[in-house]
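Report on one structure; see the data block that follows.
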Protein chains: 4
Amino acid sequence: MTSFPAERGRPRDERSSAAIIKATAELVVESGYAAMSIGAVAARASVGKDTIYRRWSGKPELVYEAVFTTTDTADLPDTGTLQGDLTALVQSLIDEFSAPQAAAALPGLLADFAATPDLRATIRSRFLKPAKERLTEVFDRAQQRGEAGADLPVDLVLDTLAGAVFFHLGIIGERPAPDLARRIAAMIARGIEAR
Amino acid sequence: MTSFPAERGRPRDERSSAAIIKATAELVVESGYAAMSIGAVAARASVGKDTIYRRWSGKPELVYEAVFTTTDTADLPDTGTLQGDLTALVQSLIDEFSAPQAAAALPGLLADFAATPDLRATIRSRFLKPAKERLTEVFDRAQQRGEAGADLPVDLVLDTLAGAVFFHLGIIGERPAPDLARRIAAMIARGIEAR
Amino acid sequence: MTSFPAERGRPRDERSSAAIIKATAELVVESGYAAMSIGAVAARASVGKDTIYRRWSGKPELVYEAVFTTTDTADLPDTGTLQGDLTALVQSLIDEFSAPQAAAALPGLLADFAATPDLRATIRSRFLKPAKERLTEVFDRAQQRGEAGADLPVDLVLDTLAGAVFFHLGIIGERPAPDLARRIAAMIARGIEAR
Amino acid sequence: MTSFPAERGRPRDERSSAAIIKATAELVVESGYAAMSIGAVAARASVGKDTIYRRWSGKPELVYEAVFTTTDTADLPDTGTLQGDLTALVQSLIDEFSAPQAAAALPGLLADFAATPDLRATIRSRFLKPAKERLTEVFDRAQQRGEAGADLPVDLVLDTLAGAVFFHLGIIGERPAPDLARRIAAMIARGIEAR
DNA sequence: CACTAACCGAGACGGTACGTCTCGTCTTCAC
DNA sequence: GTGAAGACGAGACGTACCGTCTCGGTTAGTG
């Protein structure tokens, strides 16, 4: 049995945490990532700045948690084909990146992560982990069907899919065309199919 | 013949502009994009801050010009195959994004561009124009060879290629593997080839 | 009984205030009023600029407090004659206006006060209040002795005395002759004595 | 006969000088002395800044000339008494200091003069010379009448009169009461009369 | 029931950067 | 050489944030 050393002192108030997350999510949409300040979050949440810094080390960590932790990772359907599975996966990336909060936060947030060595090392595990698990499963199924070989480069394909969606929507700011997922998925699926 | 109304007043000193560009390029590598300040550029260039603001409207414009205007756009060789041509094109993207100045500047710079409506609208013409011209030429040659159809989506393929390279190198921070260009190009080339 | 609502937040640090006042007093002598900058005061006091602006609204208020609040208002002796009392009063004005800090600050400071409606309205209460109290007392004694009538114009006489000393020493820059107080006081005393 | 070496080049345009003086006089009233900038004067006068600096060494010199050189020095009437003559003289000081341009310019202008050694030395000759000549004449007449002795301290009396008026009107900002000149003059006249 | 420890809101703290303004000088072309 | 125009290096302005610190006060568990 694990025995925690009893926590001393007043416990943290979960209502403060919730108010901070809510204020952050609102402000990042209203002001944009760069213009959003910790002080403004504290004021909106009726909270002291220290209460924020006690829980998060800075703006990137805070915004990451406010925007990307509520995400629900629904299982992907098995469509029976690599291209169909990939289309569903790309569509889920599009949905995730197009949500107002994510759209407002992602470019600046990823830039801050990329600029900080400690944070950069965590990008794969934080932003890409669910997508990687799903892509791995899609690849497994494709290999079982014989559509693909055993040596598919998961990370590289994932970077390509995520990069394509992030760049097209997040950086360029293109609206997601209805068939965008299908077109990207078709291109990549054929590229990695066994010949 | 166009006749310019004679410019009045003291002309801008090109040496100041050059010193500012040089100082910017140095500082963006030394400090990173976010930590680089206009005041520090002015000090390093021995120039007043106004002399910078007179020429550029802010940090994004200044860094863009300092980092991405010196680029030489060498013509791509005709390798005889779509995959070969694409490999050369992706390699040029990798080289461009891996250069120390570009690597230091790109994530923050693109985030700032994406966050400013006026600037966002110019990303295609500023960052992607040379690559698009070359991709168009690659597609033309492929169509003439019968490798590809006439309806290739240039922008979408370009966003995918640039997004993949930018995300893989610029955001994730992966070092460019020697065969990276070949692997990405192979995947995309097969994806768009005529069947 | 007055009950103050408990002050919230971290209280202001009196050591910062003292360091700012000290730095201001030094710099106004070293640089002169016009050349003294808030930034230089902050640097000398090892204090952020906000810490100054939090306490004072600008240079005039800051310099006023640094230079004219330390003044000790010693009581005037009762010399037995109007002329003697006035001489003592004028001498105290001379001493006050001749002090290095006051000499360095006064012309520019009064000009800034005079140029700002809000501040102009406070000149009498800030700079002249102690002198007015003493002049009132001098007049009271003179009236009790029968040297003067009851309707002496305190403000006008005070403006004349202060103006004479300020103009002679502060503007013209004349050194105070040893008998300056006696000469001015004699002139004014005879001018207001009952005939 | 003195022969000037022929002036070379284009002669200075008197219309520029006039436009500068006019713009200065207007702006000092509109903006106040401190807020008036040379650049604004140049713009209003449709003149280059150099054209101003070629003629005046800085703001104090320019404003002095714009505001205090147009003054007409009408002769004082001989009223037959020291007090009457002094009243007329004080009234002329009041009129001079109350003019809108002078009122706007004087405190800051005198502060700048007082802060600059070169300029401080010229205050007597620039601002007080006409008044001193007139006061000397008033004293001469008083001495001829036997109202005053031969050793009257002209500079000290003048500093007192000018200081009283400048302080009362210019610094405190009091409106000139109709009998102000008479009251000041009466006080001083009795103070210096022979007993 | 006192004591101790961590949390809380508020806001002051030293510091840095911002983008604008003014200074007095310099550099161009036109007259 | 004078003129208007305007660029130049310098540096002050007052504001906004940063992340930390310091108050009085609250809320828990421990002795």
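The values are calculated or read from the model by the stated rules, or taken from the named source; none is laboratory data. All values reported here derive from a predicted model rather than from experimental measurement. Note: ideal-geometry Cβ built from the backbone for every residue, glycine included; neighbour counts use all protein chains shown.
Listed here are the residues, each with its yes/no results for (1) surrounded by fewer than 18 Cβ atoms within 10 Å (Cβ to Cβ); (2) without any contact (Cβ under 8 Å) to a residue 12 or more places away in the chain.
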{"residue": "D:SER98", "(1), (2)": "yes, no"}
{"residue": "D:PRO117", "(1), (2)": "yes, yes"}
{"residue": "D:PHE127", "(1), (2)": "no, no"}
{"residue": "D:GLU137", "(1), (2)": "yes, no"}
{"residue": "D:GLY149", "(1), (2)": "yes, no"}
For this session: Quick one: count up the residues across the stretch D:171-195 that are farther than 23 Å from D:GLU133 by Cα and in contact with a helix residue (DSSP H, G or I) (Cβ under 9 Å, 6 or more places away or on another chain).
Result: 8
Seminar exercise, completed: When (1) more than 8 Å from chain D (Cβ to nearest Cβ); (2) surrounded by 17 or more Cβ atoms within 10 Å (Cβ to Cβ); (3) of a type in the set (Ser, Thr, Tyr) are applied to C:THR122, the one that fails is (2)
Problem set entry | Qualifying residues in the stretch C:61-91 (those that are among the charged types (D, E, K, R) and either over 20 Å from the mean Cα position of the chain (by Cα) or within 30 Å of C:ALA40 (Cβ to Cβ) (or both)) - the one surrounded by the fewest Cβ atoms within 10 Å (Cβ to Cβ) | C:ASP72
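If I filter the stretch A:45-60 down to residues being within 16 Å of DNA strand E (Cβ to nearest atom) and in contact (Cβ under 8 Å) with a residue 40 or more places away in the chain, which single residue comes out as farthest from the chain's Cα centre (by Cα)?
Ranking the candidates gives A:ARG54 first.
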Exercise. Assuming A:THR69 fulfils every condition listed in (1) closer than 18 Å to A:VAL29 by Cβ; (2) touching a residue at least 12 places away in the same chain (Cβ under 8 Å); (3) more than 11 Å from chain B (Cβ to nearest Cβ) apart from one, which condition is it?
Worked result: (2)
Problem set entry | Matching entry among A:ALA142, A:ALA164 (being in a helix (DSSP H, G or I), crowded, with 18+ Cβ neighbours inside 10 Å, touching a Ser or Thr at 6+ places or on another chain (Cβ under 6 Å) and small (Gly, Ala, Ser)) | A:ALA164
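Matching residues to (1) more than 23 Å from B:PHE113 (Cβ to Cβ); (2) within 16 Å of DNA strand F (Cβ to nearest atom):
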{"residue": "A:GLU26", "(1), (2)": "yes, yes"}
{"residue": "A:TYR33", "(1), (2)": "no, yes"}
{"residue": "A:ALA40", "(1), (2)": "yes, yes"}
{"residue": "A:PRO60", "(1), (2)": "no, yes"}
{"residue": "A:GLN83", "(1), (2)": "yes, no"}
For this session: Starting from the stretch B:8-29, keep only residues that are of a type in the set (Val, Ile, Thr), then list their pairs with residues that are modelled with pLDDT of 95 or more and within 7 Å of DNA strand F (Cβ to nearest atom) whose Cβ atoms are within a distance under 7 Å, requiring at least 6 positions of separation or different chains.
Result: B:ILE20/B:VAL47
Seminar exercise, completed: Note: among C:GLY170, C:GLY146, just one is small (Gly, Ala, Ser) and within 7 Å of chain D (Cβ to nearest Cβ), namely C:GLY170
Exercise. So which of B:LYS132, B:LYS59 is closer than 20 Å to A:ILE172 by Cβ, of a type in the set (D, E, K, R) and within 14 Å of chain A (Cβ to nearest Cβ)?
Worked result: B:LYS132
